[in-house]
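The values are calculated or read from the model by the stated rules, or taken from the named source; none is laboratory data. Since the model is a prediction, treat every value here as computed from it, not as a measurement. Ideal geometry is used to build each Cβ from the backbone, glycine not excepted, and the neighbour counts take in all protein chains shown.
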Amino acid sequence: MLEERRQAAFPGEFLARVGAAWFVCCVLLLMVNWSAISNLHFPDPDDTMRLIQVRDLIAGQAWYDLTQYRVDAFGGGVPMHWSRLVDIPIALVILALTPLVGAQDASLAALIIVPSATLGIAMLLAARIAWRQFGPQETTLTALVLVVCVPVVFQLAPLRIDHHGWQLVCALVAMNGLMARNPIAGGAIIGASLGTWLSISIEGLPFSAAFFAVLAWRWLRDPRQNVIVVSAILSLAASSAVLFGATRGLGDLVTYCDAISPVHIAMFAFGAVVLAVLARFEPLPIGFRLGGFAFAGLGALALLFAVAPQCAIGGGFAELDPLVAEYWHVRVKEGMPVWHQKGLAILQYAVTPFVGLYGAIRLAQTSSGWQRQFWSDFALLVGAAILISLLVARAGAVACLVAAPPLAWQFNRWLVTLRDVKRPLSRGVALIAIACALLPTLPYSVSTLIMPAQAGTQGAVTAPGTLGPNAMAHLKLSNCRISDSADVLNGLEPGEVFAPLDIAPRILLVSHHSVPATGHHRGDTTMRLVIATAMGTSEEARETLQARGSRYVALCPNLIEPTNYAIDAPSGFMADLLNEREIDWLEPIPVINGSTLRLWRIKPE
């Protein structure tokens, strides 16, 4: 039977254990990523754009103005759907260190410090659950399990400054709220953390809905649990309204499908009012409770269908241009269902969370009192996170993260059981099975060490056309060495550089030029222009770019995105560039030796 350990939240021994684990993990992550850090090779174009957004803010761009004016400069710029909340820690580090080490080194420091701090906070929050529920050993294991889960460590590694790491932190804060002694305080923590998550990214909406479904199930079973539910929904509505005013202001009340808008706040407020009124009349028959829940949920959905039906039907990408959806969105594999991923990726996303779910179910079965309720709810939330990750692969990081405490407990139980196994062969097999549960790709990793040539061949047979621009392009970006060509780019007269979507942010970061589009969907008009131009004929590209006023063309030929265009349009403009066919309206511009970046000047009409 699990014993109750409702201890102080952050005692010295706890902080020492998590701090030691965090330090070791940070050192390892710095060692593994040092080449990328020293060459400033971001893991994803979104991280590059985040740094550009922060630099614009520091340079004086208005707090409420999220427009990227060097993306589609001819069209007035492209508004971003990102929250300023994520910009704050990055900007603070840069501003604090710039007087000491200069702006460039301060930016580099922020790219290390902010993800490392996010990792530390995530470790503290996950390990806190293990500390209060289990013991010191499981606490340390929980902290270490986080960096074993590939989807989690990718979002919390150096240079990863986009918003995904903070989404993980918000999820863990909400999970900690379930342990609060005071239901009002617990509900407030849950609602505020989910409201912050939604302010950062509306991707948190499915998990938030699942969280409130679990809380409603609590209330349905026990009318006394209405306190935590009402507190949570009131906190969600209030925090969403406050953060909307703080980050968006009252000058932009347009309904967006990709960010929290006034209609979403109205939905939360409607639900809060209905549930608060329902709670005042408790105790009620179970049928009345179900009716009240249905009225709150369906009424909120009716508001969304009345104000923004396109958002209710199509989600955040409801208004995306069809060509952009076909050649960009569906090829961003991390945003697709898990069955669109490769086999190894499926293992990384699925195996570890399912082991954690098994552990949570066992904990619910062997517990009593409030802990039985806690672990029952915990298992439901882990299951919901797994289900969401099956539909959107990058949500697998949340599933891995919330599954970490029960996973660590289950792992420790297996190790304890293993001590009684006397036969060496049986013990060895059991150890391998446990290792594979934590590292599902371990057999493949071992096989690549034993047969590296064969493993390399297997990895090379994948058809380039099956890979999306954001999914794999960053793996080869180091060969492009755009940063090394910064002097060449900045020596040219400022103008628009026509470039594939994935390298466009990098060009913005290192130069004074503009680009037609980046891989950010609110600019889908010029995203379509880039894709259509790349796949159209060279003569059509000349007419488009000269009419637009573009001055240069840039290309990294060894990346996936231009290869996709060439495969789908073998006679198109991008195919001509990749195959080095003569294009008389382009004049080559020399770049540094060793760089695969290719640059051309568009001749005047």
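Condition check: over 25 Å from ALA259 (Cα atoms) and either modelled with pLDDT of 90 or more or not charged (D, E, K, R) (or both). Does TRP328 satisfy that?
no
Enumerate the helices (runs of 4 or more DSSP H) found wholly within region 524-605, keeping only those where 2 or more residues are in contact (Cβ under 8 Å) with a residue 40 or more places away in the chain and over 36 Å from the mean Cα position of the chain (by Cα).
Output list reads 538-548.
If we keep just the residues of region 135-159 that are at pLDDT 90 or above and not in a helix (DSSP H, G or I), which is nearest to ILE190 (Cα to Cα)?
That would be LEU156.
Name the residues in region 260-284 that are in contact with a Leu (Cβ under 9 Å, 6 or more places away or on another chain) and part of a loop (DSSP other than H, G, I, E, B), would you?
ILE260, SER261, LEU284
Do you know which of the residues in region 332-384 that are in contact with a Leu (Cβ under 7 Å, 6 or more places away or on another chain) and closer than 13 Å to ALA395 by Cα is surrounded by the most Cβ atoms within 10 Å (Cβ to Cβ)?
VAL382
Sort out for me the helices (runs of 4 or more DSSP H) sitting completely within region 173-247 that have 1 or more residues that are in contact with a Ser or Thr (Cβ under 8 Å, 6 or more places away or on another chain).
Where helices (runs of 4 or more DSSP H) fall fully within region 173-247 and carry at least 1 residues being in contact with a Ser or Thr (Cβ under 8 Å, 6 or more places away or on another chain), they are 183-200, 226-247.
Considering region 347-375 alone, what residues qualify as being small (Gly, Ala, Ser) and part of a helix (DSSP H, G or I)?
ALA350, GLY356, GLY359, ALA360, ALA364, GLY369
Got a sec? Which of ILE90, ILE58, ILE52 is farther than 30 Å from TRP409 by Cα and crowded, with 21+ Cβ neighbours inside 10 Å?
Answer to the check: ILE90.
Within region 351-365, can one find any residue that is free of Cβ contacts under 8 Å to residues at least 24 places away in the same chain, within 30 Å of LEU415 (Cα to Cα) and not aliphatic (A, V, I, L, M)?
yes
Which residue, of VAL510, VAL497, VAL488, is of a type in the set (Val, Ile, Thr) and modelled with pLDDT of 95 or more?
The unique qualifying residue is VAL497.
Out of region 114-141, which residues are β-branched (Val, Ile, Thr), more than 18 Å from GLY396 (Cβ to Cβ) and buried (at least 19 other Cβ atoms within 10 Å of the Cβ)?
Across region 114-141, the qualifying residues are VAL114, ILE129, THR139, THR140.
Filter region 195-222 for residues that are over 27 Å from the mean Cα position of the chain (by Cα) and crowded, with 18+ Cβ neighbours inside 10 Å; which is nearest to ALA279 (Cα to Cα)?
TRP219
State which residue is farthest from GLN68 (Cα to Cα) when the search covers only region 530-543 and only residues that are surrounded by fewer than 24 Cβ atoms within 10 Å (Cβ to Cβ) and touching a strand residue (DSSP E or B) at 6+ places or on another chain (Cβ under 9 Å).
Result: SER538.
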